[in-house]
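The values are calculated or read from the model by the stated rules, or taken from the named source; none is laboratory data. Since the model is a prediction, treat every value here as computed from it, not as a measurement. In this analysis, Cβ positions are derived from the backbone assuming ideal geometry, glycine residues included, and neighbour counts consider all displayed protein chains. Quick note on the areas: whole protein, heavy atoms, side chains included, nothing else; ligands and nucleic acids left out. Shrake-Rupley method; radii C 1.70, N 1.55, O 1.52, S 1.80 Å.
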Amino acid sequence: MKKLLNTLYVTTPESYLLREGENVVIKINNVEKFRIPIHNLEGIVCFGYMGASPQLMRLCTDNNVGLSFLTPHGKFLGRVHGRIRGNVLLRRTQYRKADNEEESLDLARCFIIGKIVNCRTVLGRSIRDHGDVIDLDKIRFIDSLLIENLQSIDSCLNSDSLRGIEGNCARFYFGVLDELILKQKDDFFITQRNRRPPLDNMNALLSFLYTLLAHDVESALETVGLDPYVGFFHTDRPGRPSLALDMMEELRPFMADRLALNMVNLRQICGKDFFRKENGGVIMTDDGRKEILAAWQKRKQDKITHPYLNEKISVGLLPYVQAMLLARYLRGDIDGYPPFFMN
Amino acid sequence: MTEKRYAEDELLSLSGIQHFRFCKRQWALIHIERQWEDNLRTTEGHFLHERVDDPFLRESRGDVMISRAFPLVSYRLGLYGVADVVEYVRSENGVSLPGCDGLWKMHPVEYKRGKPKIDERDEVQLCAQVMCLEEMFDVHISSADFYYNEIRRRIHLKITEELRDLVISLAGEMHDLFKKGITPPAERSQNCRFCSLVDVCVPKLTKKSVSARKYVTKHVSDACVGDL
């Protein structure tokens, strides 16, 4: 399997990135602070405004290293990428399937099935680990609702009803997620999902992890030659990477939600890592962001066995593996799209 | 009977014929799907070629002239590419070249990183180069050379009729697959160990017996009966 390379996260806003030979060099006030050979990197994500030299951009595009710019709070600004990679025939197949309602629905079902099954697994894991201190009845009730919805996916006839199922399940799931927060209850709680802006620490934490995941999924889709903007569940909207959002559905519970819960329950992050603005929106402090990035990077190194490939991979390669499996399905190598199911 | 001739925009990369002979799927991944991953071997290849591929260098050594990065095309094979080196040897049976006195015979030399291969993947590439030169200059070329960097020696290649036929049939097959946009399924073999695209190809996946649909159905039914 492909090697998991590192993503370089640049969090100091005064950083300027440039190229020296085959190295990425970070300077702050014209003083070199860090250097790394490009071939160790898979992506560079800058949370700041100083920028990067065109030479460095060339180095990145030549080496297929994604270079993204985000605001210090993680809002996506843009990315530099080289020539469109991959096969135009594959992209056309993707577009044709996306235009075909039946085939779109077929794929969209897989993403949502993956999501609901994995949400259940997150709930189940907490019951196994902490069954004695959490409200079992409430979780089991929500779980029965998730199962009901899961069973109805097969018979739903159009994408609107599938969207209804997805919406219900998300509401049920986020409604009970608070039960899984066991420590620091004064600082971390969630009653519903909100994001523009996130209104509590937990939502802010989830939003940031989803941003990181979106970046990885988008890069993975581009790597295998798919168009991240043409989705099957999420419809086209200019500026929205719909396919990346589709694929994120099944990966969120495992890669982001589970990590957020662990960080809070293990006190890897705390209340003072967040800051409430006058409008009620919650943003992260620099320290908080660093903690989350460190935990995210570390989590990506963990090894799992992929249930479909039956092969050991690191968690960080999941977006790439799922993107590859989707490309395989579109190309007709396999008879369906196998979503990732966590155990 | 008129012979099939390919149009300009139908031409395929000549160097692809070595990929195609090595593994049809590898060729399709590189040339149809445009997937390419460098590994140690391909990077070493680049370094070797950097020195060879200077098109402005023309050396003369007595009765031998050396031209590098020589552009090639064959409309019969439908291939285009670049020869590392074409040597011109002064010969009474040769042809005249623009801007040069006398008559010259052409002799391509292909630089390779490793050592001679057990299959004909290098041979078909060099033979295709020969066939391009023959078509471009209306000459007959009976032999060519490899230079293998690992053994630091030249290896002589006789251009036989069998080799020419192999090149013609491989080129035909390449065009057929390219036109249909088909990536053939993986043939798992010893070759996979040396393939720079093995992580993109995932050969065991195409041979996978588990249906993705069954895999999804099984996980859904497991989820629906399983208690938390």
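Answer yes if at least one residue in the stretch A:188-198 is open to solvent by less than 40 Å² (accessible area, probe 1.4 Å) and within 14 Å of chain B (Cβ to nearest Cβ), and no otherwise.
Checked the stretch A:188-198: no residue is open to solvent by less than 40 Å² (accessible area, probe 1.4 Å) and within 14 Å of chain B (Cβ to nearest Cβ).
Given (1) surrounded by 20 or more Cβ atoms within 10 Å (Cβ to Cβ); (2) more than 19 Å from the chain's Cα centre (by Cα); (3) modelled with pLDDT of 90 or more, identify the lone condition not met by residue A:265.
Single failed check for residue A:265: (1).
So residue A:324 fits all but one of (1) in a helix (DSSP H, G or I); (2) surrounded by fewer than 16 Cβ atoms within 10 Å (Cβ to Cβ); what number is the exception?
In the conditions (1) in a helix (DSSP H, G or I); (2) surrounded by fewer than 16 Cβ atoms within 10 Å (Cβ to Cβ), residue A:324 misses (2) alone.
Touching a residue at least 40 places away in the same chain (Cβ under 8 Å), surrounded by 13 or more Cβ atoms within 10 Å (Cβ to Cβ) and on the phi > 0 side of the Ramachandran plot: is that true of residue A:64 in this structure?
Taking the combined requirement at face value, the residue satisfies it.
Quick check on my filter: what residues within the stretch A:135-155 are closer than 23 Å to residue A:103 by Cβ, of a type outside the set (Ser, Thr, Tyr) and in contact (Cβ under 8 Å) with a residue 12 or more places away in the chain?
A:149, A:150, A:153, A:154
Criterion first (on the phi < 0 side of the Ramachandran plot, surrounded by 14 or more Cβ atoms within 10 Å (Cβ to Cβ) and acidic (Asp, Glu)) does residue A:291 satisfy it?
yes
Any idea which of A:300, A:312 is over 18 Å from residue A:121 (Cβ atoms), charged (D, E, K, R) and under 17 Å from the mean Cα position of the chain (by Cα)?
Checking each option against the conditions leaves just A:300.
If the requirement is being of a type in the set (Asp, Glu) and either more than 24 Å from residue A:124 (Cβ to Cβ) or open to solvent by 40 Å² or more (accessible area, probe 1.4 Å) (or both), which of these qualifies: A:278, A:249?
A:278
Does the stretch A:128-149 hold any residues that are facing chain B (nearest Cβ under 8 Å) and either outside any helix (DSSP H, G or I) or open to solvent by less than 20 Å² (accessible area, probe 1.4 Å) (or both), and which are they?
Within the stretch A:128-149, A:139, A:143 qualify.
When you scan the stretch A:304-338, how many residues do you find that are among the aromatic types (Phe, Trp, Tyr), facing chain B (nearest Cβ under 8 Å) and within 25 Å of residue B:181 (Cβ to Cβ)?
2
For the stretch A:150-163, which residues satisfy the criterion of being open to solvent by less than 40 Å² (accessible area, probe 1.4 Å) and over 18 Å from residue A:117 (Cβ atoms)?
A:159
Assuming residue B:115 fulfils every condition listed in (1) within 30 Å of residue A:338 (Cβ to Cβ); (2) at pLDDT below 85; (3) not β-branched (Val, Ile, Thr) apart from one, which condition is it?
(1)
Please state which one of A:304, A:313 is among the hydrophobic types (A, V, I, L, M, F, W, C), under 20 Å from residue B:198 (Cβ atoms), surrounded by fewer than 19 Cβ atoms within 10 Å (Cβ to Cβ) and outside the structural domain of residue A:45 (by the TED database).
Step by step, each of A:304, A:313 is checked, and only A:313 is among the hydrophobic types (A, V, I, L, M, F, W, C), under 20 Å from residue B:198 (Cβ atoms), surrounded by fewer than 19 Cβ atoms within 10 Å (Cβ to Cβ) and outside the structural domain of residue A:45 (by the TED database).
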